[in-house]
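To start, the structure itself, in structure tokens.
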Amino acid sequence: MISRRQAVKNSAAVTGMLLAAGMLPQSAFAFNKAAFDAKTVADVMKAMGAGAPTESKDVTLTAPDIAENGAVVPLGAATSLAGVKHMLILVEKNPNTMVASFDVSDAVDANFLTRAKLGQTSDVYAVAITNDGKALYAKKEVKVTLGGCGG
């Protein structure tokens, strides 16, 4: 029986060989730095190549009404829309607005859960960006009683 340590070691070796041979796509390791560094929702949309966001009932945001500890706030974004290429979770008053970005394809269900830090009470957005650049969102205010970003 192969140990867990040996399995991880073998996986790393195979990944290294595939990288060296140029057989892994660069997009597997890429992220949009400009979008993650953006300070406003509008700047995130611009960096993602999307238009102005429009509110939609087809996008769902899961977030608590009150976060007693802003250091670990459970957030979820989902949509059943066809042609979605990205799902984003944005926190308006965080130092960096975008807290999560998920790539979507026909093989991936657009339903994601994550945890984020919220420094203060803020509007939280779940944004679906379609293949044609439309941005659709759902929004909810999350009240933070104990800040998570140095607060």
task = Would you mind stating whether Leu146 is closer than 12 Å to Val73 by Cα, part of a loop (DSSP other than H, G, I, E, B) and in contact with a strand residue (DSSP E or B) (Cβ under 7 Å, 6 or more places away or on another chain)?
result = no
task = Check off (1) open to solvent by 80 Å² or more (accessible area, probe 1.4 Å); (2) at pLDDT below 90 for Asn69 and give me the number that stays unchecked.
result = (1)
ask   = Under the condition of being crowded, with 20+ Cβ neighbours inside 10 Å and in a loop (DSSP other than H, G, I, E, B), which residue from segment 92-101 is farthest from the chain's Cα centre (by Cα)?
value = Asn94
ask   = Which of the residues spanning segment 102-151 are buried (at least 16 other Cβ atoms within 10 Å of the Cβ) and among the small types (Gly, Ala, Ser)?
value = Ala110, Ala116, Gly119, Ser122, Ala126, Ala128, Ala135, Ala138, Gly147, Gly148
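Can you tell me which of Met45, Met87 is under 20 Å from Phe31 (Cα atoms), among the hydrophobic types (A, V, I, L, M, F, W, C), open to solvent by less than 30 Å² (accessible area, probe 1.4 Å) and not in a strand (DSSP E or B)?
Working: Met87 fails: not in a strand (DSSP E or B).
None of the others qualify; the one that does is Met45.
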ask   = Only one of (1) more than 15 Å from Ala138 (Cβ to Cβ); (2) modelled with pLDDT of 80 or more fails for Ile89. Which number is that?
value = (1)
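Scan segment 136-147 and give yes if some residue there is of a type in the set (A, V, I, L, M, F, W, C) and under 22 Å from Asn32 (Cβ atoms), otherwise no. Let's see the steps before the verdict.
Step one: of segment 136-147, the residues of a type in the set (A, V, I, L, M, F, W, C) are 136, 138, 142, 144, 146.
Next cut, under 22 Å from Asn32 (Cβ atoms) only: 136, 138.
Yes, segment 136-147 contains at least one residue that is of a type in the set (A, V, I, L, M, F, W, C) and under 22 Å from Asn32 (Cβ atoms).
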key: Members of segment 72-84 that are among the small types (Gly, Ala, Ser), open to solvent by 10 Å² or more (accessible area, probe 1.4 Å) and not in a loop (DSSP other than H, G, I, E, B)   = Ala78
ask   = Within segment 116-130, is there a residue that is under 21 Å from Lys33 (Cα atoms) and hydroxyl-bearing (Ser, Thr, Tyr)?
value = yes
note = Going through segment 121-148 in order, the residues found to be out of contact with any Ser or Thr (no Cβ under 6 Å at 6 or more places or on another chain) and charged (D, E, K, R) are Asp123, Asp132, Lys134, Lys139, Lys140, Glu141
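The values are calculated or read from the model by the stated rules, or taken from the named source; none is laboratory data. As the structure is a computational prediction, the values presented were derived from the model and not from experiment. Heads up, the Cβs are rebuilt from the backbone with ideal geometry, glycines too, and the neighbour counts pull from every protein chain shown. These area figures cover heavy atoms from the full protein model, side chains too; ligands, DNA and RNA do not enter into them. Shrake-Rupley method; radii C 1.70, N 1.55, O 1.52, S 1.80 Å.
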